[in-house]
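Undergrad: What follows is a single structure, and I will ask about it in a moment.
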Amino acid sequence: MGKIVDLIMQGRILVSDGAWGTFLQQKGLKVGECPEEWNLSHPDDVYDIAKSYVEAGADMVETNSFGGTSFKLERYGLGDKVFELNKAAAELSRKAAGNKFVLGSVGPTGKILMMGDVSEDEMYEAFKEQVMGLEAGGADAIMIETMTDLDEARIAIRAAKENTECEVFCTMTFEKTLSGEFRSMMGIAPTDMVNTLIDAGAELIGANCGNGIANMIGIVEEIRKANPAVPVLVHANAGMPVYCDGETHFPETPEEMARLAPELLRAGANIIGGCCGTTPEHIRKVREAVVNRLIL
């Protein structure tokens, strides 16, 4: 298959998958349940999610391992199953992906370095154990995502680079401030992350969650001001969440997401996929938009 970054450098526009958390909830994951435990107890459901995105036209699928560090799994009494659960996550997505790529999902630990919750060495070891499990299960790349703290992102990248042969990607999450600027929860701007993540060893950077595709256009434009060449991935929500009747809804339809996909490509994105609220139909429509743009 080669490498994802090599394909981008050859001019390929790629499509990633969509939401996992909301999809798991639709399949019966209850509040308070551990999503990663489903890799062992509900493997068919996890496989089905990955397979549905492949069938929708995704060039790559993530793994059900976003909360797969020991810090997160210990909350469920599963701290001794980090390697096993991450390996199983990658194996299920690998089985579903066929000749497509598998991105091993790595989310934040939930610990804050500046508060003294954890040391850098402890955080590094947690990420190391997780990424080694993902590689053992067949991940092609480590997708470090939804980061808000540059130091945590840097540590995760280093753990993946030093302990796996996988490509290493990293995305951060930004929100639009009242003054119209994009900032992470820790005050990081899109331009602030670029050099730090690249210097740490990330081969691809970008943004996920926190925004619908419309706001992602501005984020990508900021990234491109700082670096016109680095591969960029965007996993956008299906619009901004709306809370109604005790439930959170994501209002952006597949057609609306697809309509804005060409603008995101013009801004400089190389890979487009979805985050919260997106479905296989969103990815199918994005794939159609990408194909149509390349034909025109």
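The values are calculated or read from the model by the stated rules, or taken from the named source; none is laboratory data. Here the structure is a predicted model, which means the values were calculated and not measured. Here the Cβ positions follow ideal geometry from the backbone for every residue, glycine too, while neighbour counts run over all protein chains shown. The protein model used for the area step is the full one, side chains on, heavy atoms only, and it has no ligands, DNA or RNA in it. Shrake-Rupley method; radii C 1.70, N 1.55, O 1.52, S 1.80 Å.
Undergrad: Have a look at MET216, MET186 and point out the one that is closer than 28 Å to LEU24 by Cβ, of a type outside the set (Gly, Ala, Ser) and open to solvent by less than 30 Å² (accessible area, probe 1.4 Å).
TA: Working: MET186 fails: open to solvent by less than 30 Å² (accessible area, probe 1.4 Å).
None of the other options fit; the residue is MET216.
Undergrad: Taking the residues in the range 171-183 that are touching a Pro at 6+ places or on another chain (Cβ under 8 Å) and either assigned to a strand (DSSP E or B) or open to solvent by 60 Å² or more (accessible area, probe 1.4 Å) (or both) as candidates, determine which candidate is nearest to ILE219 (Cα to Cα).
TA: Of everything passing the filter in the range 171-183, PHE182 is nearest to ILE219 (Cα to Cα).
Undergrad: Condition (residue is open to solvent by less than 60 Å² (accessible area, probe 1.4 Å) and at positive phi) applied to the range 78-98: is it met by at least one residue? Walk me through how you get there before you give the answer.
TA: Let us first name the residues in the range 78-98 that are open to solvent by less than 60 Å² (accessible area, probe 1.4 Å), namely 78-79, 82, 85-86, 88-90, 92-94, 96-98.
Still in the list and also at positive phi: 98.
Checking the range 78-98: at least one residue is open to solvent by less than 60 Å² (accessible area, probe 1.4 Å) and at positive phi.
Undergrad: Follow-up question, since we're still on this one. Select, from LEU7, LEU40, LEU92, the only residue that is touching a Pro at 6+ places or on another chain (Cβ under 8 Å), assigned to a helix (DSSP H, G or I), more than 22 Å from ALA156 (Cα to Cα) and among the aliphatic types (A, V, I, L, M).
TA: Values: LEU7 fails: touching a Pro at 6+ places or on another chain (Cβ under 8 Å); LEU40 fails: touching a Pro at 6+ places or on another chain (Cβ under 8 Å).
Criteria check complete, one pass: LEU92.
Undergrad: To continue, here is another question. For the range 216-249, which positions are at pLDDT 95 or above, in contact with a strand residue (DSSP E or B) (Cβ under 7 Å, 6 or more places away or on another chain) and outside any strand (DSSP E or B)?
TA: The answer is MET216, GLY218, ILE219, VAL220, GLU222, ILE223, VAL230, PRO231.
Undergrad: Quick one: which residue in LYS51, LYS72, LYS81 is within 18 Å of the chain's Cα centre (by Cα) and over 14 Å from PRO280 (Cβ atoms)?
TA: Numbers: LYS51 fails: over 14 Å from PRO280 (Cβ atoms); LYS81 fails: within 18 Å of the chain's Cα centre (by Cα).
Going through LYS51, LYS72, LYS81 in turn, the sole match is LYS72.
Every residue, every condition in (1) in contact with a helix residue (DSSP H, G or I) (Cβ under 7 Å, 6 or more places away or on another chain); (2) open to solvent by 50 Å² or more (accessible area, probe 1.4 Å); (3) among the β-branched types (Val, Ile, Thr); (4) at pLDDT below 95, yes or no:
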{"residue": "GLY107", "(1), (2), (3), (4)": "no, no, no, no"}
{"residue": "ASP117", "(1), (2), (3), (4)": "no, yes, no, yes"}
{"residue": "PHE127", "(1), (2), (3), (4)": "yes, no, no, no"}
{"residue": "THR146", "(1), (2), (3), (4)": "no, no, yes, no"}
{"residue": "ASP151", "(1), (2), (3), (4)": "yes, yes, no, no"}
{"residue": "ARG154", "(1), (2), (3), (4)": "yes, yes, no, no"}
{"residue": "LYS161", "(1), (2), (3), (4)": "no, yes, no, no"}
{"residue": "THR164", "(1), (2), (3), (4)": "yes, no, yes, no"}
{"residue": "PHE169", "(1), (2), (3), (4)": "no, no, no, no"}
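Undergrad: To continue, here is another question. Can you pull out every residue in the range 51-77 that is buried (at least 24 other Cβ atoms within 10 Å of the Cβ), touching a strand residue (DSSP E or B) at 6+ places or on another chain (Cβ under 6 Å) and closer than 19 Å to THR109 by Cβ?
TA: GLU62, THR63, SER65, listed by residue number.
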